[in-house]
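Presented below is the structure to which this report refers.
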There are 2 protein chains.
Amino acid sequence: MARRKDHSREELTQLAIQAGRQIVIDQGPNALTTRKVAQAIGYTPGTLYNVFKNIDALIAAINIESMHSFADSLRTLHQPGETSESRIRRIAQAYLDFHHAQPQLWSLLFAQPLNYNSDDYHAAIHAIFDQVCDAIMPLSSSPTLARQKAKILWSTLHGICLLQQSGKLNVSEPDPAEDLLTHFLDQFLQ
Amino acid sequence: MARRKDHSREELTQLAIQAGRQIVIDQGPNALTTRKVAQAIGYTPGTLYNVFKNIDALIAAINIESMHSFADSLRTLHQPGETSESRIRRIAQAYLDFHHAQPQLWSLLFAQPLNYNSDDYHAAIHAIFDQVCDAIMPLSSSPTLARQKAKILWSTLHGICLLQQSGKLNVSEPDPAEDLLTHFLDQFLQ
DNA sequence: AAATATAATTGAACATTGTTTAATATTAAT
DNA sequence: ATTAATATTAAACAATGTTCAATTATATTT
């Protein structure tokens with residue numbers, strides 16, 4: 001068998017990403033296999049390797065889409081007249097909202113070590129992180145301090161979602177992510 | 001072949017845990033396979049299944065040991081006359097030290113979703129986390145707030161190490177984990 | 001238009017995984 | 001001494017990522 005040319009290279013790429021994304025949403029990161037993705041788009045695994053170098057590259061592509069989508073939602077939420085504090089709080093809440101709305105995509109993106117690096121991946125991270133830095137900049141005395149504060153905020157958001165997802169520390173009381181975040185931000189924004 | 005009885009059940013358990021631990025240290029979490037562990041202890045994979053339910057149970061056992069070891073180091077570091085601030089700072093630094101000294105064991109423990117739960121696992125987490133809560137308690141007005149603060153500290157430590165390990169945000173400047181931690185604690189301990 | 005080159009697609013295979021199981025050999029109990 | 005219980009293994013299974021020769025459709029050249 002050979003060359004159907006039903007789809008262009010770019011179409012195939014998008015088909016695979018969307019199919020893979022849906023598999024992750026429905027069945028979790030562990031269910032993302034080349035055979036499942038291939039079957040979902042009506043091709044065989046071999047074809048995927050003509051478009052992606054390996055499955056890590058496909059995972060990276062799905063993650064890049066998640067990041068751009070999140071970056072877009074951050075841009076949408078931004079209102080020029082807003083105080084820095086309000087903007088930071090809304091960015092943080094948006095992170096929690098993403099985790100709540102798409103826990104499986106969040107896991108694929110943040111809860112699993114990634115073995116694939118690329119400029120696109122790098123750029124997608126910055127499409128998010130630069131906005132966090134921007135929001136914090138007005139409250140800091142130097143760009144270096146602002147960057148550090150942004151990394152601390154980012155780290156804490158990661159950790160809070162991981163903690164909630166693993167459910168490992170819910171003995172006496174659950175402590176909803178929102179409560180932890182509020183508690184953290186009240187001090188962080190002093 | 002059958003029944004050599006070179007080792008008791010408990011001896012086999014410990015052999016497997018130590019062999020697995022060393023494989024993770026030397027070659028990383030992904031190198032931890034039943035066949036490698038079995039070969040390292042001079043048995044076959046089937047024998048491991050007579051001792052562990054599956055490989056996730058072995059991973060959990062290795063993690064439990066890591067946690068007890070870390071909990072011990074926290075106990076060792078504790079000095080009765082110390083201020084709360086100093087104790088908290090040293091606990092946090094110990095977390096970073098663990099990550100620095102054993103990055104692979106840290107990854108197995110914290111950077112990968114675990115699919116195996118047990119009372120022992122739960123107890124090991126608390127052997128650590130209860131000490132963090134204890135250290136924070138004197139600075140808080142209620143046990144609930146102390147627990148929340150402990151979770152925030154814990155989350156941030158996680159996040160900082162994850163960030164450093166992934167190396168994804170080291171564009172303009174690396175921002176060593178120690179700097180981020182100091183920056184965080186200076187505000188956290190106010 | 002014919003011949004040739006290029007590229008896409010597949011099926012089949014390979015190596016590695018985790019895991020199960022029937023067979024077997026050793027120990028323990030009767 | 002016979003029987004029962006148990007530990008161990010080899011072999012097999014299913015599922016995974018990945019590679020590749022063979023094949024066929026399109027593009028290019030003559």
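The values are calculated or read from the model by the stated rules, or taken from the named source; none is laboratory data. These figures come from a predicted structure and were not determined experimentally. Counting neighbours? That spans all protein chains shown, and the Cβs are built from the backbone with ideal geometry, glycine included. In case anyone asks, the SASA skips ligands and DNA or RNA and just uses the protein heavy atoms, side chains included. Shrake-Rupley method; radii C 1.70, N 1.55, O 1.52, S 1.80 Å.
Name the most mobile residue of B:VAL51, B:VAL132, B:VAL37, meaning the one with the largest mean-square fluctuation, in a Gaussian network model of chain B with Cα contacts below 10 Å.
Of the options given, B:VAL51 has the highest mean-square fluctuation.
I'd like to know which of B:ILE64, B:ALA177, B:HIS158 lies farthest towards the positive end of the charge dipole of the stretch B:63-188, counting +1 on Cβ of Lys and Arg and -1 on Cβ of Asp and Glu.
Working it through, the farthest residue towards the positive pole turns out to be B:HIS158.
Calculate the dipole size of the protein assembly as shown relative to its Cα centre from +1 charges on Lys and Arg beta carbons and -1 charges on Asp and Glu beta carbons; express the result in debye to the nearest 20.
Using only the charged Cβ atoms, the result is roughly 1240 debye.
With respect to the cross-link table entries A:LYS5/B:LYS168; A:LYS149/B:LYS151; A:LYS53/B:LYS168; A:LYS36/A:LYS168; A:LYS36/A:LYS151; A:LYS5/A:LYS53, which display a Cα-Cα separation exceeding 27 Å? The partial results should precede the final answer.
Working: A:LYS5/B:LYS168 37 Å; A:LYS149/B:LYS151 19 Å; A:LYS53/B:LYS168 21 Å; A:LYS36/A:LYS168 31 Å; A:LYS36/A:LYS151 36 Å; A:LYS5/A:LYS53 20 Å.
Distance filter (> 27 Å) returns A:LYS5/B:LYS168; A:LYS36/A:LYS168; A:LYS36/A:LYS151.
Please compute the modelled spin-label separation between A:GLN18 and B:ASP179, points set 7 Å along Cα→Cβ, answer in nm with one decimal.
Placing both labels 7 Å along Cα→Cβ, they lie 4.4 nm apart.
Using a probe radius of 1.4 Å on protein heavy atoms only, what is the accessible area buried between chains A and B, both sides summed, to the nearest 100 Å²?
The buried area between A and B, both sides summed, comes to about 3500 Å².
Go through A:LEU32, A:LEU48, A:GLN22 and say which Cα lies farthest out towards the positive end of the charge dipole of the stretch A:1-52; charges sit on Cβ, +1 for Lys and Arg, -1 for Asp and Glu.
The one lying farthest along the dipole's positive direction is A:LEU48.
Can you give the direction-averaged projected area of the convex hull of the alpha-carbon atoms in the stretch A:1-52, in nm²? Walk me through the numbers before you get to the answer.
Working: hull surface 13.3 nm².
With the hull built on Cα positions only, its mean projection is 3.3 nm².
GNM, chain B, Cα, under 10 Å: largest mean-square fluctuation among B:LEU58, B:LEU15, B:LEU169?
Greatest mean-square fluctuation among the candidates belongs to B:LEU169.
Go through the stretch A:59-165 and name the GluC sites (Glu not before Pro) that are in a DSSP coil and have 15 or fewer other Cβ atoms within 10 Å of their Cβ.
Counting only loop positions with at most 15 other Cβ atoms within 10 Å, the GluC sites (Glu not before Pro) in the stretch A:59-165 are A:GLU82.
How long are the three semi-axes of the equivalent ellipsoid of the stretch B:87-190, in whole Å, if each is the root of 5 times an eigenvalue of the C-alpha gyration tensor, listed from largest down?
Working from the Cα gyration tensor, I get semi-axes of 23, 21, 11 Å.
Subtracting the Cα-Cα distance from 0.36 nm times the residue separation, let me have the gained length for B:HIS100 to B:SER69 in nm, one decimal. Please report the intermediate quantities before stating the final value.
Details: separation 31, 0.36 × 31 = 11.16 nm, distance 1.49 nm.
Additional length available on full extension: 9.7 nm.
Restricting things to Cα coordinates, could you compute the convex hull volume per residue of the protein assembly as shown in Å³?
In the protein assembly as shown, the Cα hull volume divided by residue count equals 161 Å³.
Can you give the net charge of the other residues whose Cβ lies under 14 Å from the Cβ of A:LEU48, counting K and R as +1 and D and E as -1?
Charge balance near A:LEU48 sits at +2.
Relative contact order of the stretch B:1-151, please, whole-number percent, based on alpha carbon pairs below 8 angstrom and at least 6 residues apart.
25
Considering all alpha-carbon pairs of chain B, what whole percent are spaced by more than 22 angstrom?
53
Which whole-number percent gives the relative contact order of the stretch A:1-52, counting Cα pairs below 8 Å spaced six or more residues apart? Write out the running numbers ahead of the final one.
On the way: 30 pairs, mean separation 17.2, N = 52.
Here the relative contact order equals 33 percent.
What are the nm distances, shortest first, from A:GLY167 to its equivalents in the other copies, labels at 7 Å along Cα→Cβ?
3.6
What do you get for the angle between helix B:143-166 and the principal long axis of chain B? Use alpha-carbon atoms, 0 to 90 degrees, nearest ten.
Helix B:143-166 sits roughly 70 degrees off the main axis of chain B.
Quick one: label points 7 angstrom along Cα→Cβ at A:GLU82, distances to the other copies in nm, smallest first?
4.1
For B:THR144, project a label point 7 Å along Cα to C-beta. Then give me every residue of the stretch A:155-187 with its amide nitrogen under 17 Å of that point.
A:170-184, by backbone N distance to the label point.
Given points 7 Å out from each Cα along the Cα-Cβ axis, report the B:GLU10 to A:ASN50 separation in nanometres with one decimal.
The answer from the label model is 6.1 nm.
Grab the Cα-Cα distance for B:LYS168 and B:ILE25, subtract it from 0.36 nm times how many residues apart they are, and report the gain in nm with one decimal.
49.2 nm
Between A:ARG35 and B:ASP120, take the C-beta separation as r, use R0 = 45 Å, and let me know the FRET efficiency to the nearest 0.05.
0.80
For chain B, what does the accessible surface come to per residue with a 1.4 Å probe? Please give it in Å².
Ligands and nucleic acids excluded, the result is 49 Å² per residue.
Along Cα→Cβ at 7 Å, what distances in nm separate the A:ASN54 label point from those on the other copies, shortest first?
2.4
Loop-only trypsin sites (Lys or Arg not before Pro) in the stretch A:139-190, please: DSSP not H, G, I, E or B, and at most 15 other Cβ atoms within 10 Å.
Taking the stretch A:139-190 and a limit of 15 other Cβ atoms within 10 Å, no loop trypsin sites (Lys or Arg not before Pro) are found.
Are there any trypsin sites (Lys or Arg not before Pro) in the stretch B:27-106 that are in a DSSP loop and have at most 12 other Cβ atoms within 10 Å? List them by number.
Here the sparse-neighbourhood loop sites are B:LYS53.
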